[in-house]
Structures are given as C-alpha cells and as structure tokens.
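Enquirer: Before I ask anything, let me first share the structure, which is written out below as structure tokens.
The values are calculated or read from the model by the stated rules, or taken from the named source; none is laboratory data. Here the structure is a predicted model, which means the values were calculated and not measured. Cβ atoms come from the backbone with ideal geometry, glycine included; neighbour counts cover every protein chain shown.
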Amino acid sequence: MTPAPAQVIIGLDVGTTDVKAAAFGLGSSWRAMGYREYPLLAPSPGQAVQDPAALVTACGEALAECVALAGHAEVVAISVGAAMHGLMALDGELRPITPLITWADARAREQARALRASGQAGELHALTGAPVHPMTPLTKLLWFRHHDPDTWASARRWVGLKDYVLEWLTGSLVTELSSASGTGLLDMSTRTWSTEALELCGLDAGRLPPIMATTAALALAAPAARAVGLAAGTPVVVGAGDGPLGNLGTGAISPGIAGLSLGTSGAVRMAVSEPRVDAGRTLFCYALTDALWVVGGAISNGGSAMRWAGGALVPDVQAAAGDQGPDAAVLALAASVPAGCDGLVMLPYLLAERAPLWDPDLPGAYLGLRRAHTRAHLVRAAAEGVCLQMRTILDQLDAVTPVDSVRVTGGVFRSTLWREVTAAMLGRSIDVVGNAEGTALGAAALGLFGLGRSPSLPDAVAELSASGPPETIDADPELVATYDRLRASVPELIDALGAVAGLLRPS
C-alpha cells in the first residue's frame, strides 16, 4: 500500500446497515477505509430499528481500523455524516431507553395518514421541507405520545443517529442544521426548531439538541480518543446528513446537476441556494450548509429490493455463486431475460415507500405475471422497478429546475446491468462517479471547508478526490423505448394497486 501522506482527514459515514470511516490524504489521491456492518432489526412487523450499542461499537472499530491504516499521518479532523430521520429516547443520564427508530420504520403510518387527511401535512411540508411520512421524527414522536406513554414520560431527550454519535465522540449532545432539516421539526426560514411542529407533538424544544452549523467543530473527547487511537482534542466537524453529503461527494452541488445515489435505499437530489418546496409537495428540501440546500426525493426500496429478490426467489443461485459472489450471480441471472421482462412489472414497495408518492400504505406487487415468466424475470423486474421510481423523481426535479446531467454513485453501479437499466430508464446518459465512498468523501470535504483549509466546497472535493473524470454511460435507444412504454402504464397500475391495498389493509 502507498505510504500515507503527512496529513489526512477522516469522513465518518454512519449508515443504515454499516459504517465507513474513510481517510483522505490532503492534496493527494491516497485513501484508506475502515468498515463494519450491523443488522437492521425488525422486532415487530413494520418496525426497523438499530441497537445503539452496536452502532457505537461499529463506529469505534471502523475508526480505529482507519486510524491504524493512516499510520503516522496527522489526522486533522473527523467529519461526520449519518443517515437521516432516526429517533431515539434518552434518559436523564443520556442513556438510550429505546433503540434507534430508523427511517425505514413504519410504525407511525397512522399518524402520517391522519395529518394528510386533516390537510396539515401540506402546511408542515411547506414549513419544514420534510414530507409528512412515517420516516420523520415528527410522526414518530406523535406515535410515542399516543402509543407508548411510559417512554414518552421517561424520555428526557429525543435525539437522532447523528446526535448520538456526536455525543459519543465529543461528550456534547448537539445536532446540526442538515440532520435537523430532515426531522419535520425545523422551521426552514428561521433555522430553529418550529414552534408549530413542537406544539403539534406536545414537546418542549429543551428536549431536543441545540442546532449547530454543519461546518462547526467540537473536540474529540478522551474516552472516544482512546478507543480509536487519536489524540483527545482532535477536531470533530459535526457535518451533515448522508443525503446532502452524497451530492457533495459526487460533485452535484450546482443547479442543473442531479445526484443519484443507490444503496440500501436511494435518492435523486439537486442543489439550490435557498430553501424551497415544490408546488406539488412531492420533494424534500434539506440543508447541506446554511447557504446550500438540496431538493429531491428518496426511495425506501433501493438495492434492498434486489437483495430481497435474490434471497427470497433464488437462494440456490446465491449459494452456488462461488467466487463470483451472490449479488453478481443474481444480477447475471437477471441479465439473461429481456428488458421489460416480457410485460412483468414490479412495484417494489417492500418497505413503507417514500418518494414519489409518500404513501406508506402501498404494498409491493408483481403485476402482469404469466406462466412464461421465470425467476429471472422476477429478479430483473425488481431492478427495473427501483429505477422506475428514480425516473419519476427525476421528472419532478426537472419541473423545478431543468436537469442538465445526472451523476450517479453507489456500489450497485459496478454492475453493468444496473448501469444499463438506470441510464435507459432515465432516458439519458449518466455519469458514474467515485464509488461507495461518496458520502464519506462529502463529509471529509465539508470538514476541510469548515476548518478553513479549503476556500470552497468544490475546491475541498477536488483536493480530496482520487478519481478522474466521470465515466459516461449512454442510454441504449432500444432500451429507452422499451422503458418509455413501461412507464406509460405505471400511473394506472399504481392507482389500481391503491384500491387493492385498501382491501388488504389490516383492520
């Protein structure tokens, strides 16, 4: 391995199922990464939670591995990115009394449904930038207040994933503007906790962390410093949410450039200079910094839908994959059938779906199933269904500001099939940038800018980026035509599915 440079900055990316601690050499292409996984737990149907102790352990181990790989290089800072929308209750000693309720948890669907029915959802969306959905802490708080009064009474603080990680790192319980903007509790115009949203929840602002700028820095506390092998007092830049950081890491921070990320979940976002909400109330608006925001939509069912299809439908293919790897074997099977899956469509709403419909009650479905369809058709339809949701979000972004180019990132884009289907479903060329380090790179770049070591965010990304020009994938015209026909049928299919879902909904 190439020796580490004199100085590095670490971007910590704490996600839904894993944590990455990536060290980037200042002014060089050197980088190294520590990585740990942890499970997404489902204690009851519709619930998706994380164990706080497992999260902290994984963060410590990934950081320690990354620091060891950096050798004698000076770590100028750790800058933190984390998945948005989580909620956890703490007692008076700041100990968790609940698991972390993640964005994927759907327990608050009744609360979200009631807000939509009352007309309050649109007003809250315009005020906070966050669509009303079970993912948001706002609806989760309403659920706890009405369904778990013991926890509601015991909780002294309510925090998110980022807040809990920062408290472990620095000993300070704080949040930052970006993560706060995803809670449904932030007044975008004042950058403070919203009086209206808090009154709706029956919550005092003192039970939420204070909001810092995303570029602010705290000091690494002694216990965490010992655990990861760094000096106490090392700067910890509080950073931003994983979504906005993904745009930064891929260089999609100028109007007209959309950033598409696809991992467990997925999203399409575009940068704007000030908070704004689209007229149709279909897009979110979250902060990267006080002067740079992103609008877009996120899907709950990204690569996880394909992973489900592999495990549920072709486990034998995965088991026999050998050196090829289970994911690659499933993708090879999917590539063996034609685009459009001979009329088979999957609506991949396995987890409570977010954009473009923000309707957690819609179930997943295979539609158009015939005897001639095989398991390969079922698997490929999952990938096509995911990309179909992405295209719908892109169309809505196009109506806000014309999209000139799309920069895509995520481990799935190592796959030829994912590249071809994404480009054709979007109906345009895509630029594949970087790799799985996108959010960690964004965190590191934001940290470099926050420390005053880089004059601008684009300069910070350029200083840390090791990749050359993006790889352009052109859309195959025949595939584009096939997917255009498929897309034309989907609105009616979704409308019909909504009626069926009402009949199937548990009483």
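Enquirer: Within the bounds of the range 389-408, is there any residue that is of a type in the set (Gly, Ala, Ser) and out of contact with any Gly (no Cβ under 9 Å at 6 or more places or on another chain)?
Expert: No - not one qualifying residue is present in the range 389-408.
Enquirer: Now for a separate question. Yes or no: Ala271 on the phi < 0 side of the Ramachandran plot and in a strand (DSSP E or B)?
Expert: Judged against the criteria, Ala271 is a match.
Enquirer: What number of residues within the range 296-313 are closer than 17 Å to Pro402 by Cα and either among the aromatic types (Phe, Trp, Tyr) or surrounded by fewer than 23 Cβ atoms within 10 Å (Cβ to Cβ) (or both)?
Expert: Qualifying residue count for the region: 0.
Enquirer: Which members of the range 124-178 meet the condition of being under 18 Å from Ile211 (Cα atoms) and β-branched (Val, Ile, Thr)?
Expert: Once the filter is applied, which keeps residues that are under 18 Å from Ile211 (Cα atoms) and β-branched (Val, Ile, Thr), the range 124-178 yields Thr128, Thr136, Val159, Val165, Thr170, Val174, Thr175.
Residues checked against (1) modelled with pLDDT of 95 or more; (2) over 29 Å from Trp103 (Cβ atoms); (3) in the same structural domain as Thr482 (by TED's automatic domain parsing):
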residue: Gln324; (1), (2), (3): no, yes, yes
residue: Asp327; (1), (2), (3): no, no, yes
residue: Gly340; (1), (2), (3): yes, yes, yes
residue: Leu347; (1), (2), (3): no, no, yes
residue: Ala352; (1), (2), (3): no, no, yes
residue: Asp359; (1), (2), (3): no, no, yes
residue: Thr374; (1), (2), (3): yes, yes, yes
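Enquirer: Now for a separate question. Scan the range 475-495 residue by residue and report those that are assigned to a loop (DSSP other than H, G, I, E, B) and under 26 Å from the mean Cα position of the chain (by Cα).
Expert: Across the range 475-495, the qualifying residue is only Ala475.
Enquirer: Do we have Val400 as surrounded by fewer than 22 Cβ atoms within 10 Å (Cβ to Cβ), of a type in the set (Val, Ile, Thr) and touching a residue at least 24 places away in the same chain (Cβ under 8 Å) here?
Expert: Considered against the rule, which asks whether it is surrounded by fewer than 22 Cβ atoms within 10 Å (Cβ to Cβ), of a type in the set (Val, Ile, Thr) and touching a residue at least 24 places away in the same chain (Cβ under 8 Å), Val400 comes out as yes.
Enquirer: Here is a further query. Those residues that are more than 18 Å from Ile257 (Cβ to Cβ) and either without any contact (Cβ under 8 Å) to a residue 40 or more places away in the chain or assigned by TED's automatic domain parsing to the domain that holds Leu446 (or both), I need them from the range 276-297; list them, please.
Expert: Ala279
Enquirer: Looking at Val412, Val406, which one is part of a strand (DSSP E or B), within 21 Å of the chain's Cα centre (by Cα) and buried (at least 19 other Cβ atoms within 10 Å of the Cβ)?
Expert: Checking each option against the conditions leaves just Val406.
Enquirer: I need every pair where a residue in the range 16-32 that is in contact (Cβ under 8 Å) with a residue 12 or more places away in the chain and hydroxyl-bearing (Ser, Thr, Tyr) has its Cβ under 9 Å from the Cβ of a residue that is in a strand (DSSP E or B) and surrounded by fewer than 22 Cβ atoms within 10 Å (Cβ to Cβ), sequence separation at least 6 or different chains.
Expert: Thr17/Glu37
Enquirer: Here is a list: Gly427, Gly447. Which entry is under 24 Å from the mean Cα position of the chain (by Cα) and either closer than 30 Å to Leu166 by Cα or of a type in the set (D, E, K, R) (or both)?
Expert: Gly447 is the lone residue from the list that is under 24 Å from the mean Cα position of the chain (by Cα) and either closer than 30 Å to Leu166 by Cα or of a type in the set (D, E, K, R) (or both).
Enquirer: Take the residues in the range 416-439 that are modelled with pLDDT under 95 and small (Gly, Ala, Ser); name whichever of them is surrounded by the fewest Cβ atoms within 10 Å (Cβ to Cβ).
Expert: If we take residues in the range 416-439 being modelled with pLDDT under 95 and small (Gly, Ala, Ser), then Ala436 is surrounded by the fewest Cβ atoms within 10 Å (Cβ to Cβ).
Enquirer: Considering only the range 361-374, I want to know if a residue exists there that is among the aromatic types (Phe, Trp, Tyr) and crowded, with 19+ Cβ neighbours inside 10 Å.
Expert: No, the range 361-374 contains no residue that is among the aromatic types (Phe, Trp, Tyr) and crowded, with 19+ Cβ neighbours inside 10 Å.
Enquirer: Could you please give the count of residues in the range 369-391 that are touching a residue at least 40 places away in the same chain (Cβ under 8 Å) and hydroxyl-bearing (Ser, Thr, Tyr)?
Expert: 0
Enquirer: So which of Ala180, Ala240, Ala216 ends up being at pLDDT 95 or above and over 16 Å from the mean Cα position of the chain (by Cα)?
Expert: After applying the criteria, what remains is Ala216.
Enquirer: Regarding Ala258, is this residue surrounded by fewer than 24 Cβ atoms within 10 Å (Cβ to Cβ), assigned to a strand (DSSP E or B), at pLDDT 90 or above and not assigned by TED's automatic domain parsing to the domain that holds Ser456?
Expert: no
Enquirer: Here is a follow-up. If the Cβ limit is 6 Å and pairs must be 6+ apart or interchain, which residue in the range 339-366 that is among the small types (Gly, Ala, Ser) pairs with which residue that is part of a loop (DSSP other than H, G, I, E, B)?
Expert: As it stands, the answer is Gly343/Gly368; Ala352/Ala106; Ala352/Pro134; Ala352/Pro360; Gly364/Pro348; Gly364/Tyr349; Gly364/Leu350, since those pairs meet every condition given.
Enquirer: Here's something else I'd like to know. Here are some residues: Leu200, Leu161, Leu173. Which one is touching a residue at least 24 places away in the same chain (Cβ under 8 Å), among the aliphatic types (A, V, I, L, M) and crowded, with 24+ Cβ neighbours inside 10 Å?
Expert: After ruling out the rest, the residue left standing is Leu161.
Yes or no, residue by residue, for (1) closer than 21 Å to Ala130 by Cα; (2) modelled with pLDDT of 95 or more; (3) of a type in the set (A, V, I, L, M, F, W, C); (4) surrounded by fewer than 24 Cβ atoms within 10 Å (Cβ to Cβ):
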| position | (1), (2), (3), (4) |
| --- | --- |
| Cys59 | no, yes, yes, no |
| Ala73 | no, yes, yes, yes |
| Leu87 | yes, yes, yes, no |
| Glu93 | no, yes, no, yes |
| Ile101 | yes, yes, yes, no |
